[in-house]
Amino acid sequence: MTELTELGVAAIRDGVKAGDFTAVEVADAFNANVAAAQEALNAFIIATPEKATEAAKATDARRAAGEDLGKMGGVPIGMKDLFATFDVQTTAASHILEGFKPQYESTVSQNLWNAGAGMLGKLNLDQFAMGSSNETSYFGNVISPWRKAGSNAPLAPGGSSGGSSAALAARLCPAATGTDTGGSIRQPAAFTGTTGIKPTYGRCSRWGVVAFASSLDQAGPMARSTQDCAIMLEAMAGFDPKDATSLELPVPNWEALLSADLSGKTVGIPREYRMDGMDAEIVALWDQGVAWLKDAGAKVIDISLPHTKYALPTYYIIAPAEASSNLARYDGVRYGLRDLPDGANLQDMYAATRAAGFGAEVKRRILIGTYVLSAGFYDAYYTQAQKVRTLISQDFAKAFEECDVILAPTTPTAAFALGENVDDPLSMYLNDVFSVPASLAGLPAMSVPAGLSKDGLPLGLQIIGKAFDEQGVLNAGLAIEQRAQFTAKPEKWW
Amino acid sequence: MSVDTATVAKIASLARIKVSESELEAMVPELNGILAWVEQLGEVDTANVEPMTAVIPNTLRLRDDVVDADPLTGGGRRDAVLANAPVAEHGFFGVPKVIE
């Protein structure tokens, strides 16, 4: 029999439908992998095997009754612990939300359950999705299943969706939800040889997703193929009146319309992304990507995105500003942690609760955000950043007059070791240099595994598309996927 | 612009985060490093640029003026609202005394 945990979303959906195996057999196999890897990888904050089994039984019963099984029928998934799940602890990887059991379900997770998916557990992440290495979680680091050739040093799985990426690469789940604020789907996907897409801002409802930076936060699927991402994105996306920025548009049939034939399409190569001192391996991979897309029929041109170098500093004003506002809600009154020192008044209780509940990186960003929004500094920092954001968005609009998609690396390097950047916030922030611009412009962007570094670690290529054109992004991703033939997986040591 | 210990203490107070003296000392250079780096935005000419307000053009919708149109977010769910409160008493959130 096929090893079930090697299968992706499409293969499980089709196999369950055809009766090659049952949904319960699939759930059992993944539940076992989750349990066996927990101690070594720490990818999940909590496992919910009973939820996966319950959903699988429902799928098997629907099949027996001859009913439709849904887009994700029989597929067990990992849920990033940023999505509120009814009566199941939801923490955002922060002590301040430890024990919080939402009395509601996020729209995205509900959409997935309605499509027949089941939940294997809540995946670890950087605290409040703030980080690029999954080292800011209160619940401990996630360890990447990948290791450098000839080394046992633990590597970062990327972040903030580091539990999602590690679980996918280690075959603990066939697909997982991610969220992307400045690269939190794409960077971990690149680090682990997995695939992930951040759709256009507004495609997936933010309702019930713990907020970090609301004008940037966007949920998306992570999986091991472009097709699997297309299927899962169809299940996740859709108009939601409960999210004021939700797009009131029908969800396209991304999977059915997948095509790796790029004839008539133009791919733009942004010259500003070719930075001084760039890793030669990354440059070579990028050139290889150009050759693949030409082979798929596309025309390739140079484009300019002149404000690229300002994207990261812009992001590190806007995201902390929004975070400082969003995280004001954690006050020790309505949910989560309360720290009430003896004799403390209400104000003391707020300050003590937030001091005890937030991690160092979260505090750092709240303080930066509070400062840039404070009287006297608001225009110099925040308004100026929003103006530069307009320019960055206009750069993309102008580029897309000449091309259909943009090809770039996902990250400046392969995965780094845990601890390598942890004492230097700025060097950690630089990891997102290629992913942040598309986030600031709200554009769909995906990372596809494209090769291995000389150390045997995965490298990803990024495709950025026009607003609403997830199809164009997925199609270019598929064209790369078919040519890269990325089949490497981490050797099992856990 | 750079911040000193007193400024960071003021920001932390505004953000309602208690910080110790030693934490303050550590934060000052960290925050100054980040602020010095973001200051490069000042060199961009934005004289005729509007600040972004919506990343994807969208219109704000009005919902129908109906009570409990969505039962999930409507009223009458006191127990669910209080279910995660650290202290809930008599159907209310409990907090330290604020009026003497």
Would you tally the residues in region A:371-421 being of a type in the set (Phe, Trp, Tyr), surrounded by fewer than 22 Cβ atoms within 10 Å (Cβ to Cβ) and in a helix (DSSP H, G or I)?
2
Return the residue satisfying two criteria in turn: it lies in region A:288-309 and is outside any loop (DSSP other than H, G, I, E, B), touching a residue at least 12 places away in the same chain (Cβ under 8 Å) and hydrophobic (A, V, I, L, M, F, W, C), and of such residues it is nearest to residue A:399 (Cα to Cα).
A:303
Within the group A:312, A:340, A:262, which residue is under 28 Å from residue A:202 (Cα atoms), in a loop (DSSP other than H, G, I, E, B) and of a type in the set (A, V, I, L, M, F, W, C)?
A:262
Would you tally the residues in region A:40-69 being more than 25 Å from residue A:188 (Cβ to Cβ), in contact with a Leu (Cβ under 8 Å, 6 or more places away or on another chain) and either not basic (Lys, Arg) or not in a helix (DSSP H, G or I) (or both)?
1
Are any residues in region B:61-96 at pLDDT 85 or above and within 8 Å of chain A (Cβ to nearest Cβ), and if so, which ones?
B:61, B:77, B:80, B:81, B:83, B:84, B:85, B:86, B:87, B:93, B:95, B:96
Could you check residue A:363 against (1) more than 7 Å from chain B (Cβ to nearest Cβ); (2) out of contact with any helix residue (DSSP H, G or I) (no Cβ under 7 Å at 6 or more places or on another chain) and say which number it fails?
(1)
Quick check, is residue A:434 in contact with a Gly (Cβ under 9 Å, 6 or more places away or on another chain) and among the aromatic types (Phe, Trp, Tyr)?
yes
Only listed residue being among the basic types (Lys, Arg) and within 14 Å of another protein chain (Cβ to nearest Cβ), chosen from A:265, A:242:
A:242
Please give the number of the condition residue A:285 fails out of (1) assigned to a helix (DSSP H, G or I); (2) buried (at least 18 other Cβ atoms within 10 Å of the Cβ); (3) over 24 Å from the mean Cα position of the chain (by Cα).
(3)
Looking only at region B:27-41, which residues are surrounded by fewer than 18 Cβ atoms within 10 Å (Cβ to Cβ), more than 7 Å from chain A (Cβ to nearest Cβ) and within 14 Å of residue A:313 (Cβ to Cβ)?
B:36, B:39
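The values are calculated or read from the model by the stated rules, or taken from the named source; none is laboratory data. No experiment lies behind these values; they were computed from the predicted model shown. Positions of Cβ are backbone-derived with ideal geometry, glycine not excepted, and every protein chain shown enters the neighbour counts.
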